[in-house]
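Notes follow once the structure below has been shown.
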Amino acid sequence: MAPKAEATTAKPSVLVVGMQFAVAMLVLDTWQYFIHRYMHINRFLYRHIHYKHHSLIVPFAYGALYNHPLEGLLLDTVGGAISFLVSGMTPRTAIFFFSFATIKTVDDHCGLWLPGNPLHVLFSNNSAYHDVHHQLFGGKYNFSQPFFVVWDKILGTYMPYSLEKRRDGGLEARPVKD
């Protein structure tokens, strides 16, 4: 009787995992920017699909993934599958990547600017940035999600903001209009 061959898979190095994360982040950002922006441009898609998410004028954490099932399929499932395939990550790496992306998305919608939040320090696409997008006049700006703002800057849909103290305490994201 021949011995069974054990399936061995080499774990990728930290450098390889880091590169896979970077590629997946860029691919996911690119996919989500263009699909998200198209859902704002196309009246039918906005009215019947994307509006469900924008019915939340003031974003909150659970609202991050509050969307029409078709939007979830297009943005998250298809975008995730493409980023997984293009980056070449292992299923184990994918678990960490998609967990991180979900935490980042929930944080972007939490409506809180917390001093020292590492996600706010590392990424300019953060809760304040995304709050501007959800404000009534922000529907034509700040489409980028969930990591970078590069596509908004390149394609002229970037709206800068300032954080201003509220009279009752806390901070509020306000667009800085030219």
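The values are calculated or read from the model by the stated rules, or taken from the named source; none is laboratory data. Bear in mind the structure is a predicted one, so any value in this text is a computation, not a measurement. For neighbour counting, all protein chains shown are included, and Cβ atoms are generated from backbone atoms with ideal geometry for every residue, glycine included. Accessible surface areas use protein heavy atoms only, side chains included; no ligands, DNA or RNA. Shrake-Rupley method; radii C 1.70, N 1.55, O 1.52, S 1.80 Å.
What to note about this one:
- Residue in the range 34-70 that is surrounded by the most Cβ atoms within 10 Å (Cβ to Cβ), counting only those that are in contact (Cβ under 8 Å) with a residue 40 or more places away in the chain and outside any helix (DSSP H, G or I): Pro59
- Taking the range 118-169 as the range and being part of a loop (DSSP other than H, G, I, E, B), open to solvent by less than 50 Å² (accessible area, probe 1.4 Å), among the small types (Gly, Ala, Ser) and touching a residue at least 24 places away in the same chain (Cβ under 8 Å) as the test, the residues that pass are Gly138, Gly139, Ser144.
- Which listed residue is among the aliphatic types (A, V, I, L, M), at negative phi and at pLDDT 95 or above, from Val58, Val27: Val27
- Condition check for Asp131: closer than 27 Å to Gly18 by Cα and of a type in the set (Asp, Glu): no
- Residue check for Pro115: under 19 Å from Met25 (Cα atoms), outside any helix (DSSP H, G or I) and of a type outside the set (Phe, Trp, Tyr): no
- Where Gly111 falls short, out of the listed (1) open to solvent by less than 20 Å² (accessible area, probe 1.4 Å); (2) at pLDDT below 90: (1)
- Members of the range 151-178 found to be touching a helix residue (DSSP H, G or I) at 6+ places or on another chain (Cβ under 7 Å) and either of a type in the set (D, E, K, R) or more than 20 Å from His54 (Cα to Cα) (or both), listed by number: Trp151, Leu163
- Residue tally, condition at positive phi and of a type in the set (S, T, N, Q), over the range 131-178: 1
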